[in-house]
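Undergrad: Attaching a single structure in structure tokens format; questions to follow.
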Amino acid sequence: MAGGGESLGSGGGKTKRGSSKRKAKKRIGFRIDMTPLVDITFLLLTFFMLTTTMAAPQVMEMSVPPEQEEVEVAQSQLLQFFVRDDGAIFFSIGADTPEKIDPKNLKQIREISVRENMKPENINKLIVALYTSGEAPYGLVVTILDELNRAEAMIVDQMKKEIDPETGKPKERQRRFTIAPILPDQVELIKGL
Amino acid sequence: MAKVKKKRVGFVIDMTPLVDITFLLLTFFMFTAKFKSEAESQQKFTIQRPKVTPDTTTIPQNDLAVVKVAIDSVTGDTNFYYELTNESDRAKVWGSVGELTPEQRQSLQLKVTKEVLSELVRNTRIVRPNTKFAIDADRRLRFQWIQDAMDILRRQQATKFTFVTEKTGM
């Protein structure tokens, strides 16, 4: 920095103009004081670093069946999850009595879903249904959906490894899932549990 | 002593690499910076999105219709809001709904009742059938609100939509 100031000062002080000797001297000692530049750059950098949000919102895909459709399903191929008014979660395989899921161990949902879906007789046939009370918090419902989605990823993964002897290719996964409001008789079923 | 003094006088640090890196970072942050949308800066609520396992899905940018269910930060009551990202569609859809003040016609999102929401969704589907729908709701809400929003979408044959969520650990 000191060098820069010196060369500029000497250049301004001399009265002779256009001498080739001076020009050459100027070039050799050429220095720009970068301090203000760095100051501003750091200021802007700090600003952008602090204001930028890296966490772009993520999305979870959902599809619901069209309105009119009413499908009769065999109860044996049904895995039901219930969410009660107070947020308690229950599951029921086929026509079994519902069992409670430990609210601290929601991983259980994933495990149950994978286990039931991977049973040979259930592959691509099992319907997973989530019945939710309108009083339960939305965050909890999304957590359950997230667990089911992760289970789905594991199922797809496992199915890719297994080769169907008929076609020589792995079976394609067809997900069967539905979400619906809880029915009054289901509420009765899980009331005392 | 003299030697040390001389050294101090001529003390110069070459700042070029520093400036290089700083500019590089600055450019990076300038390009990646995403500012709040206009609708977001107008609204009087912040949505606490439900948290899920991180993955790569991101919200679509074009032709998106967002049904927001949010808690007003001042009054504390819950309302539906409807936002359309496509400007020309918005003019058409907003225009199709009666009883809007000129101010509301200009805004990016509307505070709506269930009935108006249903009408807006229907008109959006007429104007642009391939509009993508998303539900952006607060995780603290009762699920009934989301159930209502889902029913409205379903009745207008918008059976595929997305829930806007947030990565865990952020």
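The values are calculated or read from the model by the stated rules, or taken from the named source; none is laboratory data. All of these numbers come straight from a predicted model, not from anything done at the bench. Ideal geometry is used to build each Cβ from the backbone, glycine not excepted, and the neighbour counts take in all protein chains shown.
Undergrad: Pairs needed: first member in the range B:89-114, closer than 17 Å to B:ASP63 by Cα; second member anywhere, among the hydroxyl-bearing types (Ser, Thr, Tyr) and surrounded by fewer than 16 Cβ atoms within 10 Å (Cβ to Cβ); C-beta distance under 9 Å; at least 6 residues apart or different chains.
TA: B:LEU108/B:SER37
Undergrad: Just one of the numbered conditions (1) out of contact with any helix residue (DSSP H, G or I) (no Cβ under 7 Å at 6 or more places or on another chain); (2) more than 22 Å from B:VAL52 (Cα to Cα) is not true of A:PRO98; which one?
TA: For A:PRO98, the exception is condition (1).
Undergrad: Same structure, new question: Can we say B:VAL74 is at pLDDT below 85, touching a helix residue (DSSP H, G or I) at 6+ places or on another chain (Cβ under 9 Å), surrounded by fewer than 18 Cβ atoms within 10 Å (Cβ to Cβ) and β-branched (Val, Ile, Thr)?
TA: no
Undergrad: Could I ask something else about it? Report yes if some residue within the range A:73-93 is assigned to a helix (DSSP H, G or I), modelled with pLDDT under 80 and surrounded by fewer than 20 Cβ atoms within 10 Å (Cβ to Cβ); otherwise report no.
TA: Yes, the range A:73-93 contains a residue that is assigned to a helix (DSSP H, G or I), modelled with pLDDT under 80 and surrounded by fewer than 20 Cβ atoms within 10 Å (Cβ to Cβ).
Undergrad: Let me ask something else about it. Can you go through A:GLU67, A:GLU61 and tell me which one is acidic (Asp, Glu), modelled with pLDDT of 80 or more and not assigned by TED's automatic domain parsing to the domain that holds A:VAL142?
TA: A:GLU61
Undergrad: Looking at (1) under 17 Å from B:MET150 (Cα atoms); (2) in a helix (DSSP H, G or I); (3) among the small types (Gly, Ala, Ser), which is the one condition that is false for B:ALA91?
TA: It fails just one condition, (1).
Undergrad: Hey, another quick one. Does B:ARG154 meet the test of being over 23 Å from A:PRO65 (Cβ atoms), charged (D, E, K, R) and within 14 Å of another protein chain (Cβ to nearest Cβ)?
TA: In short, no.
Undergrad: Is there a residue in the range B:124-144 that is aromatic (Phe, Trp, Tyr) and facing chain A (nearest Cβ under 7 Å)?
TA: Looking through the range B:124-144, at least one residue is aromatic (Phe, Trp, Tyr) and facing chain A (nearest Cβ under 7 Å).
Undergrad: Also: So which residues in the range A:112-149 are in contact (Cβ under 8 Å) with a residue 40 or more places away in the chain, part of a helix (DSSP H, G or I) and more than 21 Å from A:LYS100 (Cβ to Cβ)?
TA: If the condition is that a residue be in contact (Cβ under 8 Å) with a residue 40 or more places away in the chain, part of a helix (DSSP H, G or I) and more than 21 Å from A:LYS100 (Cβ to Cβ), then A:ASN122, A:ASN149 are the ones that fit.
Undergrad: Now a separate question. Suppose we keep only residues that are more than 14 Å from chain A (Cβ to nearest Cβ) and surrounded by 20 or more Cβ atoms within 10 Å (Cβ to Cβ) within the range B:110-123. Which one would you say is nearest to B:GLN43 (Cα to Cα)?
TA: Applying the filter and picking the extreme gives B:LEU110.
Undergrad: OK, next. Return the residues of the range B:149-170 that are assigned to a strand (DSSP E or B) and either polar (S, T, N, Q) or under 13 Å from B:LYS132 (Cα atoms) (or both); say none if nothing qualifies.
TA: Listed by number, the residues that qualify are B:LYS160, B:PHE161, B:THR162, B:PHE163, B:VAL164, B:THR165.
Undergrad: Go through (1) within 14 Å of chain B (Cβ to nearest Cβ); (2) modelled with pLDDT under 80 for A:LEU130 and report which single condition fails.
TA: (2)
Undergrad: Which residue pairs have Cβ atoms closer than 6 Å, lie 6 or more positions apart in sequence or on different chains, and pair a first residue in the range B:41-62 that is farther than 28 Å from B:GLU87 by Cβ with a second residue that is among the small types (Gly, Ala, Ser)?
TA: Close Cβ pairs (under 6 Å, with a partner that is among the small types (Gly, Ala, Ser)) amount to B:PRO50/A:GLY139.
Undergrad: May I ask you to list pairs of residues, at least six apart or on different chains, whose Cβ atoms are under 6 Å apart, with the first in the range B:22-40 being more than 7 Å from chain A (Cβ to nearest Cβ) and within 21 Å of A:VAL38 (Cβ to Cβ) and the second being modelled with pLDDT of 85 or more and outside any helix (DSSP H, G or I)?
TA: Matching pairs, first to second residue: none at all.
Undergrad: Inside the range B:1-51, counting only helices (runs of 4 or more DSSP H) that do not spill past its ends, which hold 3 or more residues that are among the basic types (Lys, Arg), in the same structural domain as B:LEU84 (by TED's automatic domain parsing) and at pLDDT 80 or above?
TA: Because the criterion is at least 3 residues that are among the basic types (Lys, Arg), in the same structural domain as B:LEU84 (by TED's automatic domain parsing) and at pLDDT 80 or above, no helices (runs of 4 or more DSSP H) in the range B:1-51 meet it.
Undergrad: Among the residues of the range A:165-185, write down those that are farther than 17 Å from B:PHE143 by Cα, surrounded by 15 or more Cβ atoms within 10 Å (Cβ to Cβ) and of a type outside the set (Phe, Trp, Tyr).
TA: A:ARG173, A:ARG175, A:ARG176, listed by residue number.
Undergrad: Could you please find all residues in the range A:101-146 being of a type outside the set (Gly, Ala, Ser), buried (at least 22 other Cβ atoms within 10 Å of the Cβ) and more than 27 Å from A:GLN158 (Cα to Cα)?
TA: Passing the criteria: A:THR132, A:TYR138.
Undergrad: Considering only residues of the range B:50-70 that are within 16 Å of B:VAL93 (Cβ to Cβ) and not β-branched (Val, Ile, Thr), which is surrounded by the fewest Cβ atoms within 10 Å (Cβ to Cβ)?
TA: The selected residue is B:ASN62.
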